[in-house]
Amino acid sequence: MSGERSGTGGGLSGTNGIAFPVVPWKLFAALACFLLVVIVVNISSHAIEDPQTALWEPVLWECSSYLAILVLVPGIYYSYQRFHWQRFGVPRFLAAQMVACLGFSLAHIAIMVGLRLIGYGLVHQHYDFAQGHLALELIYEGRKDALTFLVACGFIWVYERLGQTVPAALPERIEVRSDGRTLYLTPFEILYAEAAGNYIELHLTTTPKPLLLRGTLIEYEKRLGAYGFVRIHRSRLLNRDHMRSFTSTTAGDLRITLSDGRELTGSRRFRDQIT
């Protein structure tokens, strides 16, 4: 965690929520125990390598860093969930986490130094975080905080993987109702789905006339997403199995060619869904 009269960084993760996700207690406990082991090792290393320093000092250095990390764990988890790589794609996720990591490091240093100032003040001693080299100390701490942030994200990722259940087998056919009829379609029969007011048009491989169904695109995105359908436009879902190729337009949008030769326009906002 911490090194000399500075500190390190860390963080945690949690469950999903809408306003501010709550860190699952099992995840929090696992990360807290891991970081506790780290600070115990660091304190013992200080005691062995620098026996002339009073033991209470490395204890204060490490514990102040440890407490600061635990306080900031919910923020790390929020950043991970808010910009989750499965929703926003890996590039956006990584960009968001880099910004979050910088904020985490600055907050960690501020809390840690505040706790150390209080601790040194209680024994009427002076604490100097910068030691005459503020920029170097910030870089030193930032480097360790980045590693701790990465470890915290790793804990979150593992926790999510362990919490996943084996999905039930998907039905081979999808039931839909159109014009008073109940139809059973295989996913491969559907080229794409398009919003049409309060209805949905299903464009099929078997007929040039689309099926008109009552419902919203959001509802059908949930139904068809497990079959490989992705959003390519605010009003359009595409069956990836029927995407032959795509090119970029001068405006940055996408021109997608389907297996039957027809072309669709996709918004650049949803490029990550098909690349």
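Brief remarks follow.
- Cα-projected label distance for Lys26 with Leu102, points at 7 Å along beta-carbon direction, nm: 3.6 nm
- The apolar share of the surface of the chain, taken as the fraction of accessible area on carbon and sulfur atoms (1.4 Å probe, ligands and nucleic acids excluded), comes to 62 percent.
- Cross-link reach is defined here as a Cα-Cα straight distance under 18 Å, omitting same-chain residues fewer than 8 places apart; for Lys144 none of the lysines meet it.
- The stretch 142-194 - accessible surface per residue (Å², probe 1.4 Å): 65 Å²
- Highest mobility in the GNM of the chain, judged by mean-square fluctuation with C-alpha springs under 10 Å and restricted to Ala169, Ala195, Ala96, is found for Ala169.
- Charge dipole of the stretch 143-205 (Cα centre as origin; +1 on each Lys and Arg Cβ, -1 on each Asp and Glu Cβ, all else neutral): 400 debye, rounded to the nearest 20.
- A 1.4 Å probe run over the protein chains yields, for the stretch 197-275, 57 Å² of accessible area per residue, whole-number rounding.
- Phi to ³J(HN,Hα) by Karplus 6.51 cos²θ - 1.76 cosθ + 1.60 over the stretch 71-80, Hz, x for Gly, Pro: 5, 8, 4, x, x, 5, 5, 4, 4, 4
- In plain terms, the chain from Ile218 to Thr250 could stretch by 8.6 nm, reckoned as 0.36 nm per residue minus the Cα-Cα distance.
- In the chain, a dipole from Cβ-located charges (positive for Lys and Arg, negative for Asp and Glu) runs towards its positive end, and of Leu254, Tyr199, Leu237 it is Tyr199 whose Cα lies farthest in that direction.
- Options Gln164, Trp61, Cys33, ranked by Cα towards positive dipole end of the chain, top entry (Cβ charges): Gln164
- Karplus-derived 3J(HN,Hα) values for the stretch 175-189, using 6.51 cos²θ - 1.76 cosθ + 1.60 with θ = phi - 60°, are 8, 9, 10, 8, 6, x, 9, 9, 10, 10, 10, 7, x, 5, 6 Hz; glycine and proline are entered as x.
- Answer label for Rg/Rh (Cα atoms, Kirkwood Rh) (calculated), chosen among [x] 1.19; [y] 0.92; [z] 1.07: [x]
- Whole-angstrom gap from the stretch 176-224 to the stretch 82-117, using each part's C-alpha centre: 42 Å
- Solvent-accessible area per residue in the stretch 29-107 equals 52 Å², computed with a 1.4 angstrom probe and all protein chains kept.
- With 0.36 nm allotted per residue and the present C-alpha distance subtracted, the Leu147-Asp260 stretch has 35.7 nm of extension available.
- The slack between Ile118 and Arg181, meaning 0.36 nm per residue of separation minus the straight C-alpha distance, is 15.2 nm.
The values are calculated or read from the model by the stated rules, or taken from the named source; none is laboratory data. Just so we're clear, the structure is a prediction, and the values are computed from it rather than from any experiment. Note that each Cβ is placed from the backbone with ideal geometry, even for glycine, and that neighbours are counted across all protein chains shown. Surface accessibility is based on the protein's heavy atoms, side chains included, excluding ligands, DNA and RNA. Shrake-Rupley method; radii C 1.70, N 1.55, O 1.52, S 1.80 Å.
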